[in-house]
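Chemist: Got a structure for you, written out below as structure tokens; questions coming shortly.
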Amino acid sequence: GAKARGKNRCEIFDEALRERSIDRIAITAALRQGLRDDRFVLHYQPVVDVITGAPVAVESLVRLNDPKRGMLAPGEFIQVAEDSGLIVPIGTSVLGQACRQLAAWRASGEVEPGMRTAVNLSARQATRRDLVDVVTAALAESGLEPSALALELTETAIMEADAATLRQLEEIRDMGVRLGIDDFGTGYSSLSYLKRLPVSFVKVDRSFVAGLVNDPSDREIVTAVIRLGQALGLTTIAEGVEEPAQFALLRDLGCDQAQGYLLGRPQAEPPARLQPTAR
Ligand code: C2E
Ligand code: MG
Ligand code: MG
Ligand code: MG
């Protein structure tokens, strides 16, 4: 009867919950081990200038090279890392690696001297009082100039920022590090934040880019974000560009930079140089 079915459902639910918490425990352990054994690696996705097609930056994206599970994408562990606070030491490691790798590629001539690296910063890192020191140390250790580094924050991270965190971000911006808003349009930030914040770029979320060619409302949103960026003097970067038609439309709309599988997947190697004929 209904009661028996209800009980069964309940058992199924408990079972799913139990598996999920075991998962979280296992992932937390894997993260700790990954930190201990230096198993966080970065893959680098090119960000290209929409007009020239030349790579101007890479976005440094973390993976966990787990001995049992293989290469884990951030979707499989970032939430657990944030909830457990492990994102703080992981983030510090990512920042150091991203800066060191860019400096090494510049030194060996594998990338243009002006190439930048972008690193994702979680809210937990942004609110830490040692953020300025952590960023300063990564730059000093690698020898990169501050403008070679870009930090991507989500709208939620920015919205949660208190006065002390905002002052800290301003200090980092004043050093010359570029700050920007990631996944723009998916969070709850109001447009007034754009004025309040020390940001120099916005990244149009890939969910809007996905509908850019065929969905009129997505096209309106992308158009509006690009215009807003232009009006405020911000660099606009479209993410998730997968099709030539999207890329062409972004160029027509005046978007500055683009990133996506069409232009290059995240990879361990530096972005491919332009063919001489393409210049
Ligand atoms: P994100 O910062 O928005 O990074 C872009 C994500 O979109 C990356 O996934 C990238 O591989 C993927 N992507 C790029 N181009 C395309 C495309 O054309 N199509 C599709 N479908 N996807 C594309 P990834 O590497 O799995 O990272 C996912 C998210 O994890 C990132 O989103 C970022 O929020 C977070 N994350 C990655 N690395 C770090 C990190 O070091 N620290 C923190 N706090 N978060 C990170
Ligand atoms: Mg990002
Ligand atoms: Mg993004
Ligand atoms: Mg995104």
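The values are calculated or read from the model by the stated rules, or taken from the named source; none is laboratory data. Since we're looking at a predicted model, the values are computed, not measured. Don't worry about glycine lacking a Cβ; one is built from the backbone with ideal geometry, like all the others, and counts go over all protein chains shown. Side chains included, ligands, DNA and RNA excluded: accessible areas come from the protein's heavy atoms. Shrake-Rupley method; radii C 1.70, N 1.55, O 1.52, S 1.80 Å.
Chemist: Could you give the size of the charge dipole of the chain about its Cα centre, using +1 on the Cβ of each K and R and -1 on the Cβ of each D and E, expressed in debye and rounded to the nearest 20?
Modeler: 500
Chemist: Determine the share of the chain's accessible area contributed by carbon and sulfur atoms, expressed in whole percent, with a 1.4 angstrom probe.
Modeler: 53
Chemist: Could you state the accessible area per residue of the chain in Å², with a 1.4 Å probe and every protein chain left in place?
Modeler: 51
Chemist: Okay, next question. If I take every Cα pair under 8 Å that is 6 or more residues apart in region 36-138, average their sequence separation and divide by the length, what percent do I get for the relative contact order?
Modeler: 27
Chemist: Next up: Extending each Cα 7 Å along its Cβ direction at residue 29 and residue 273, get the distance between those two points in nm, one decimal.
Modeler: With each label placed 7 Å out from Cα toward Cβ, I get 4.8 nm.
Chemist: Then there is this: Please compute the length gained on full extension between residue 14 and residue 83, using 0.36 nm multiplied by the number of residues separating them and subtracting their Cα-Cα distance.
Modeler: 22.7 nm
Chemist: Within region 143-197, report the chymotrypsin sites (Phe, Trp or Tyr not before Pro) that DSSP leaves as loop and that have at most 10 other Cβ atoms within 10 Å.
Modeler: 188
Chemist: Now, a different point. Find, among the trypsin sites (Lys or Arg not before Pro) in region 34-105, those assigned to loop by DSSP (not H, G, I, E, B) with at most 12 other beta-carbon atoms within 10 angstrom.
Modeler: Answer in residue order: 68.
Chemist: Still on this structure, please answer the following. Filter the chymotrypsin sites (Phe, Trp or Tyr not before Pro) in region 196-276 down to the DSSP loop ones having no more than 14 other Cβ atoms within 10 Å, then list what survives.
Modeler: In loop regions of region 196-276 (DSSP not H, G, I, E or B), the sparsely surrounded chymotrypsin sites (Phe, Trp or Tyr not before Pro) are 261.
Chemist: Helix hunt in the chain: which complete DSSP H runs extend at least 20 Å axially by C-alpha with mean Kyte-Doolittle at least -1.0?
Modeler: Membrane-span-like by this criterion, though nothing is claimed about a membrane: 2-36, 87-107, 216-232.
Chemist: Suppose every Lys and Arg Cβ carries +1 and every Asp and Glu Cβ carries -1, with no other charges. What dipole size does region 141-254 come out with about its Cα centre, to the nearest 20 debye?
Modeler: Computed about the Cα centre, the dipole is about 420 debye.
Chemist: In addition: Using a Förster distance of 22 angstrom, determine the FRET efficiency expected from the C-beta separation of residue 52 and residue 245, and round it to 0.05.
Modeler: Using R0 = 22 Å, I get an efficiency of 0.70.
Chemist: If I model a spin label at residue 193 and residue 145 as a point 7 Å from the Cα along the Cα→Cβ vector, what separation in nanometres do I get?
Modeler: 3.1
Chemist: Relative contact order (percent) for the chain, with alpha-carbon contacts under 8 angstrom and 6 or more residues of separation?
Modeler: 19
Chemist: Next question, about the same structure. How big is the dipole moment of region 204-279 about its Cα centre under a simple scheme where the beta carbon of each Lys and Arg is +1, that of each Asp and Glu is -1, and everything else is neutral? Debye, nearest 20, please.
Modeler: 300
Chemist: Which one of 75, 91, 50 has its Cα pushed farthest toward the positive end of the charge dipole of the chain, where Lys and Arg give +1 and Asp and Glu give -1 at the Cβ?
Modeler: 75
Chemist: Find the relative contact order for region 148-256 and round it to a whole percent, using C-alpha pairs within less than 8 Å whose residues are 6+ positions apart.
Modeler: Reported as a whole number, the value is 23 percent.
Chemist: Report the one residue of 201, 115, 33 whose Cα lies farthest in the direction of the positive end of the charge dipole of the chain (charges on C-beta: Lys and Arg +1, Asp and Glu -1; origin at the Cα centre).
Modeler: 33
Chemist: Sticking with this one: Residue farthest toward the positive end of the dipole of region 202-267, with Cβ of Lys/Arg at +1 and Asp/Glu at -1: which of 211, 233, 244?
Modeler: The residue sitting farthest along the positive end of the dipole is 233.
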